[in-house]
Amino acid sequence: MGGLFGVVSKEDCVMDVYFGTDYHSHLGTCRGGMAIWNGKSFDRSIHNIENAQFRAKFEAELPKIKGNMGIGCISDTEPQPLTIRSHLGHYAISTVGKINNLDKITAKAFSNKNVHFLETSKGTINPTELVSVIIDQENSFKDGLLKAQELIEGSCTILLLTPQGIYASRDRFGRTPLIIGQKKSSYCVSFEASTFANLGYRFVYELGPGEIVSLEPDGIEKISPPRNEMKICAFLWVYYGYPSSTYEGMNVEIMRYRNGAAMAKNDNVEIDMVAGVPDSGVGHAIGYSNQSKIPFGRPFIKYTPTWSRSFMPQDQGIRNLVARMKITPIPELVFDKRLLFCDDSIVRGTQMKETVDLLYRCNAKEIHIRSASPPIMFGCKYLNFSTSRSEMDLIARQAIIEFEGKVPESFEAYCDPANEKYNCMIDCISKRLNFSTLKYQNIHDMLEAIGIGQEKICTYCWNGKEW
């Protein structure tokens, strides 16, 4: 994934850009960067954040940077923001998304013999630079941003900073959010609305799918209207969105309470305690506990001072080790207890199995798992949310292959909770991971908990349906 934040102001805005970008650190794992317009040129800085927090990397530089407009980015892929000079002028650019047809667009760009790419990461083309090349082939920033929406297959949300202000372009199908806030002398534009409160901003406007606006210190101008079709990612609410953020009018934490309550309504297991797999599973567990009237507790705690997130390391083996080492059980709350854990999803199942084994070593009596989303059948096609994941690594796929003895021609039956094949898959996953029982949230209740209309939400990773 990744996160974006930008500010235009009549005053110095460096600290707002710094903290606003930092508030997106839960969305990216690789690079953090800022570009500030100082009145004459761009002050740009990019740091590796794989093994250190964004704040620690940039804090020493802040006294040297001044400016009233800037953008920042947390990325799990390429270094950005980039600074560009072209016939359109001098600008800085950041993107969030996934370009599936990067090679095709690159080949087309090379047909113009004046095009070349300087920004590389491990020998590959930087997708953000490719977006800038698309934009620079047009006669205006508006035309360039519209061309990028037209050409890119996948998704792409863009912040483009010029000496006059910020162009904000939401992905054509609104797969990721873009939200505008305002305070006395400033406007901000952000992926996460959770950035607003502590920085003194209030919600003003949420861009629609494909909408483009221009922000300047004196106001906002709508450059291109929103499109009619939206497919925003459901995992924003279920998993990676920050609890205090709101998208399309639905707050993340409230959705999780609603989702957990729906799971409890469809359950009749006898247990002593409900718990959440931190952090994103906690809201679902609170909703389950409130509905079922079964006490909520914390039979294990996540140790976060050194590794706040288990997916930060790029190596999967290290991620698994970190995930195991940071979970510390409370034996007194585990011993001889029937525990139910809510998690946002079950992907490979490796970390969950290690956690369950740890709890059994602490003499838990039973461990029941409830996934707040349906079984993941397909890798994400639209966001850099699962780039390193092979579909064959998904625990649901592995269970299906074990049951069928091969990869089936269709996964449709396994997406239907009313089908016997679905039940066989769940039983296989439960046995593999050593659960007492396992249930997944059904897709209809999950969508109802989001509550913005099924037709507006992308559910591809669960049912393989693009529309």
* Considering only DSSP beta bridges where both residues belong to region 253-463, give the percentage that are antiparallel (nearest 5). => 15
* Given the pairs Lys57/Lys113; Lys66/Lys108; Lys326/Lys439; Lys147/Lys381, which span a C-alpha to C-alpha distance of over 29 angstrom in this model? -> Lys57/Lys113; Lys66/Lys108
* Asked: In nanometres, what is the gap between the two model label sites at Lys184 and Phe110, each 7 Å from Cα along Cα-to-Cβ?
  -> 5.5
* Structure fact -> GluC sites (Glu not before Pro) in region 363-467 lying in a DSSP loop, each with at most 16 other Cβ atoms within 10 Å of its Cβ, come to Glu409, Glu466
* Asked: Using mean Cβ contacts within 10 Å as the protection proxy, how do 2-8, 153-159 order, highest first?
  -> 2-8, 153-159
* For labels at Glu216 and Asn290 in the simple 7 Å Cα→Cβ model, what's the distance in nm? -> 4.5
* Structure fact -> Counted neighbours (other Cβ, 10 Å), sorted fewest up, put Ser436, Ser410 in the order Ser410, Ser436
* Asked: In straight Cα distance, which aspartates and glutamates are under 16 Å from Lys456, not counting same-chain residues fewer than 8 positions off?
  -> Asp171, Glu206, Glu211, Glu229, Glu248, Asp445, Glu448, Glu466
* Asked: Which of Leu160, Leu207 comes first, and how do the rest follow, when ranked by fewest Cβ neighbours within 10 Å?
  -> Leu207, Leu160
* Structure fact -> Per-residue Cβ contact counts at 10 Å, fewest first, order Asp12, Asp43 as Asp12, Asp43
* Asked: Excluding same-chain residues fewer than 8 positions from Lys431, which aspartates and glutamates have a Cα within less than 13 Å of its Cα?
  -> Asp357, Glu402
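Once you sort the root eigenvalues of the Cα gyration tensor of the chain as a ≥ b ≥ c, which label holds: rounded (a/c under 1.5), prolate (a/b larger than b/c) or oblate (the other case)?
Prolate is the answer for the chain, as a/c is 1.5 or above and a/b outweighs b/c.
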* Kindly rank 357-363, 346-352, 429-435 from highest to lowest mean number of other beta carbons found within 10 Å of each residue. => 346-352, 429-435, 357-363
* **Helical contribution to [θ] at 222 nm, DSSP H n ≥ 4, -39,500 (n - 2.57), averaged over the chain, rounded to 500** => -8500 deg cm²/dmol
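Any read-out appearing in this document is the output of simple, stated calculations on the displayed coordinates, not a laboratory observation. These figures come from a predicted structure and were not determined experimentally. Ideal geometry is used to build each Cβ from the backbone, glycine not excepted, and the neighbour counts take in all protein chains shown.
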